[in-house]
């Protein structure tokens, strides 16, 4: 499903910390909780459940962090994919404030995990900057900052004018920005591996190269792989964009979307390109996002791909988008290029819920670095019978894509073409 997307050629794989391989599942196991998927959601759920005294087995089809959790842009953006103004418009001020508070809790939990377990993941918390791709963006950016301050009691965001934004990012094509001082970035694969190490120390049993082929979830959860079976009281399905046909009841609510990234050679003076080591994205519907690595490379993600087959040359595919933002890097050497799948939903809010004794969470729609820390905590609480926050998150359930899983891809292609045309116009 994510084969052919260059995992081994990523900058993250090249700079990953060691993680002792886990054996392939063989035979039958009985446990309290079975986790399916070794990304952030599965790792946080496993760690939280183990800390609450559950026996936990985690099954990963490939290696820990092999999916989006080990390939993404590493951007830590507080909040949801929908901004505060949109949340207020859709849910009203009271519920929007509750939702935003949960998103901030996710950030706090993430930072606490990193500190508690001493996870070495190049953590940087200098801020996240959204660049205005067109002059009119300054209007909604000012309104967004005002609503965050007034409704959410969150004074950490401010709108930047053109000169202020260009002082932060050396790009002439921008028209201002929105700076969240509580944003940041990290090395996503090392973060995942650090969580896995912590979970292993807490007693979680890992099995890699153990793809789950079928799940039963009406009376407890039974997960079957090619060589083994795990029977558990509860399960967590945490496959995100790599869910495939494993659970058809929820597959139609997410859309797998391919993203492609590059890492340049180390830059001579990276601070002149991006000041203060900020994480940066832009306001286009098809977002470009970038940051500096710990060793001074530009990690840049961007571009549009409307067919399921990956480009033949990832670096050549991403380079035009990089040069659009930074023409001064037209001839920069690209050392690493890779891709990965993320999942989006119709509402761009995550799909979290329960099927019998099987919990699930996916569809973070680009906000999947911080939110899983909250989700893992909430799922373990729900197993214990405390479901108040779980019910809030489950209440955000997005609708199915029209036609379900069978028709979502062609419809998505048409939609993305339309929004890409709007970006260009």
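From 25, 47, which residue is assigned to a helix (DSSP H, G or I), in the same structural domain as residue 361 (by TED's automatic domain parsing) and modelled with pLDDT of 95 or more? I'd like the intermediate steps shown before the answer.
On the way: 25 fails: assigned to a helix (DSSP H, G or I).
Matching residue, one of 25, 47: 47.
Looking only at the range 117-141, which residues are part of a helix (DSSP H, G or I) and within 30 Å of residue 395 (Cβ to Cβ)? Break it down stepwise before answering.
Initially, the range 117-141 is screened for residues part of a helix (DSSP H, G or I), giving 137-141.
Listed by number, the residues that qualify are 140, 141.
Inside the range 275-296, can you point out the residues that are closer than 20 Å to residue 12 by Cα and either out of contact with any strand residue (DSSP E or B) (no Cβ under 6 Å at 6 or more places or on another chain) or not in a loop (DSSP other than H, G, I, E, B) (or both)? If you could, list the steps in order and put the result at the bottom.
First, the residues of the range 275-296 that are closer than 20 Å to residue 12 by Cα: 277-281, 288-296.
Of everything in the range 275-296, those that are closer than 20 Å to residue 12 by Cα and either out of contact with any strand residue (DSSP E or B) (no Cβ under 6 Å at 6 or more places or on another chain) or not in a loop (DSSP other than H, G, I, E, B) (or both) turn out to be 277, 279, 280, 281, 289, 290, 291, 292, 294, 295, 296.
Return yes or no: is residue 161 under 30 Å from residue 61 (Cα atoms), surrounded by fewer than 19 Cβ atoms within 10 Å (Cβ to Cβ) and at pLDDT 95 or above? Please lay out each step first, then the result.
Values: under 30 Å from residue 61 (Cα atoms): no; surrounded by fewer than 19 Cβ atoms within 10 Å (Cβ to Cβ): yes; at pLDDT 95 or above: yes.
The answer is no for residue 161.
Among the residues of the range 251-274, which ones are under 21 Å from residue 338 (Cβ atoms), touching a helix residue (DSSP H, G or I) at 6+ places or on another chain (Cβ under 6 Å) and not in a strand (DSSP E or B)?
none
How about the range 315-339: which of its residues are in a helix (DSSP H, G or I), crowded, with 17+ Cβ neighbours inside 10 Å and touching a helix residue (DSSP H, G or I) at 6+ places or on another chain (Cβ under 8 Å)? Talk me through it step by step, then tell me what you get.
Just the residues of the range 315-339 that are in a helix (DSSP H, G or I), to begin with: 315-325, 327-329.
Next, from what is left, pick out any that are crowded, with 17+ Cβ neighbours inside 10 Å: 315, 317-319, 321-322, 325, 329.
Those that are in a helix (DSSP H, G or I), crowded, with 17+ Cβ neighbours inside 10 Å and touching a helix residue (DSSP H, G or I) at 6+ places or on another chain (Cβ under 8 Å): 322, 329.
Hey, any hits in the range 142-154 for a residue that's surrounded by fewer than 22 Cβ atoms within 10 Å (Cβ to Cβ), on the phi > 0 side of the Ramachandran plot and outside any helix (DSSP H, G or I)?
Checking the range 142-154: at least one residue is surrounded by fewer than 22 Cβ atoms within 10 Å (Cβ to Cβ), on the phi > 0 side of the Ramachandran plot and outside any helix (DSSP H, G or I).
Report, by residue number, each residue of the range 82-94 that is touching a helix residue (DSSP H, G or I) at 6+ places or on another chain (Cβ under 8 Å) and part of a helix (DSSP H, G or I).
Step one: filter the range 82-94 for residues touching a helix residue (DSSP H, G or I) at 6+ places or on another chain (Cβ under 8 Å), giving 82-85, 87-88, 90-91.
Those that are touching a helix residue (DSSP H, G or I) at 6+ places or on another chain (Cβ under 8 Å) and part of a helix (DSSP H, G or I): 84, 85, 87, 88, 90, 91.
Within the range 50-81, can you find the residues that are within 12 Å of the chain's Cα centre (by Cα) and outside any loop (DSSP other than H, G, I, E, B)?
Selection gives 68, 69, 70, 75, 76.
If only one of 132, 115, 143 is without any contact (Cβ under 8 Å) to a residue 24 or more places away in the chain and either outside the structural domain of residue 197 (by TED's automatic domain parsing) or within 22 Å of residue 196 (Cβ to Cβ) (or both), which one is it?
Numbers: 132 fails: without any contact (Cβ under 8 Å) to a residue 24 or more places away in the chain; 143 fails: without any contact (Cβ under 8 Å) to a residue 24 or more places away in the chain.
Result of the check over 132, 115, 143: 115.
Quick test of your reading of the structure: residue 132 fulfils all but one of (1) touching a strand residue (DSSP E or B) at 6+ places or on another chain (Cβ under 9 Å); (2) surrounded by fewer than 21 Cβ atoms within 10 Å (Cβ to Cβ). Name the failing condition by number.
Result: residue 132 fails condition (2) only.
Of the residues 53, 83, 67, 79, which is without any contact (Cβ under 8 Å) to a residue 40 or more places away in the chain and not assigned by TED's automatic domain parsing to the domain that holds residue 281? Outline the logic, then answer.
Numbers: 83 fails: without any contact (Cβ under 8 Å) to a residue 40 or more places away in the chain; 67 fails: without any contact (Cβ under 8 Å) to a residue 40 or more places away in the chain; 79 fails: without any contact (Cβ under 8 Å) to a residue 40 or more places away in the chain.
One residue alone meets the criteria, 53.
If only one of 210, 173 is outside any helix (DSSP H, G or I) and surrounded by fewer than 22 Cβ atoms within 10 Å (Cβ to Cβ), which one is it?
Values: 210 fails: surrounded by fewer than 22 Cβ atoms within 10 Å (Cβ to Cβ).
Answer to the check: 173.
Which condition breaks for residue 224 when tested against (1) assigned to a loop (DSSP other than H, G, I, E, B); (2) without any contact (Cβ under 8 Å) to a residue 40 or more places away in the chain; (3) over 22 Å from the mean Cα position of the chain (by Cα)?
Exception for residue 224: condition (1).
Taking into account only those residues within the range 19-43 that are under 21 Å from residue 227 (Cβ atoms) and in contact with a helix residue (DSSP H, G or I) (Cβ under 9 Å, 6 or more places away or on another chain), which is surrounded by the fewest Cβ atoms within 10 Å (Cβ to Cβ)?
Restricting attention to the range 19-43, the residues satisfying the condition of being under 21 Å from residue 227 (Cβ atoms) are 20-31, 33-38, 42.
Restricting the remaining residues to those that are in contact with a helix residue (DSSP H, G or I) (Cβ under 9 Å, 6 or more places away or on another chain) gives 20, 22, 33, 35-38, 42.
Values: 20: 8, 22: 21, 33: 28, 35: 34, 36: 28, 37: 30, 38: 33, 42: 31.
Among those that are under 21 Å from residue 227 (Cβ atoms) and in contact with a helix residue (DSSP H, G or I) (Cβ under 9 Å, 6 or more places away or on another chain), it is 20.
Output the number of residues of the range 350-376 satisfying the condition of being surrounded by fewer than 22 Cβ atoms within 10 Å (Cβ to Cβ) and either modelled with pLDDT of 95 or more or part of a helix (DSSP H, G or I) (or both).
Residues of the range 350-376 surrounded by fewer than 22 Cβ atoms within 10 Å (Cβ to Cβ): 353-357, 366.
Next, from what is left, pick out any that are either modelled with pLDDT of 95 or more or part of a helix (DSSP H, G or I) (or both): 353-357.
Adding up the residues that qualify gives 5.
Residue by residue, here is whether (1) touching a strand residue (DSSP E or B) at 6+ places or on another chain (Cβ under 7 Å); (2) over 30 Å from residue 246 (Cα atoms); (3) touching a residue at least 40 places away in the same chain (Cβ under 8 Å) holds:
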position	(1), (2), (3)
120	no, yes, yes
137	no, yes, yes
147	no, yes, yes
151	no, yes, yes
175	no, yes, yes
178	yes, yes, yes
186	yes, yes, yes
206	yes, no, yes
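Quick check on the range 4-22: of everything there that is at pLDDT 95 or above and not in a loop (DSSP other than H, G, I, E, B), which residue is farthest from residue 205 (Cα to Cα)? Steps first, please.
The initial filter retains those residues of the range 4-22 that are at pLDDT 95 or above, namely 10-22.
Cutting the leftovers down to not in a loop (DSSP other than H, G, I, E, B) gives us 11-14.
Numbers: 11: 28, 12: 25, 13: 23, 14: 26 Å.
Checking each candidate, the answer is 11.
The values are calculated or read from the model by the stated rules, or taken from the named source; none is laboratory data. Owing to the predicted nature of the structure, the values given are computational and were not obtained by experimental measurement. Here the Cβ is made from the backbone with ideal geometry for all residues, glycine too, and neighbour counts use every protein chain on show.
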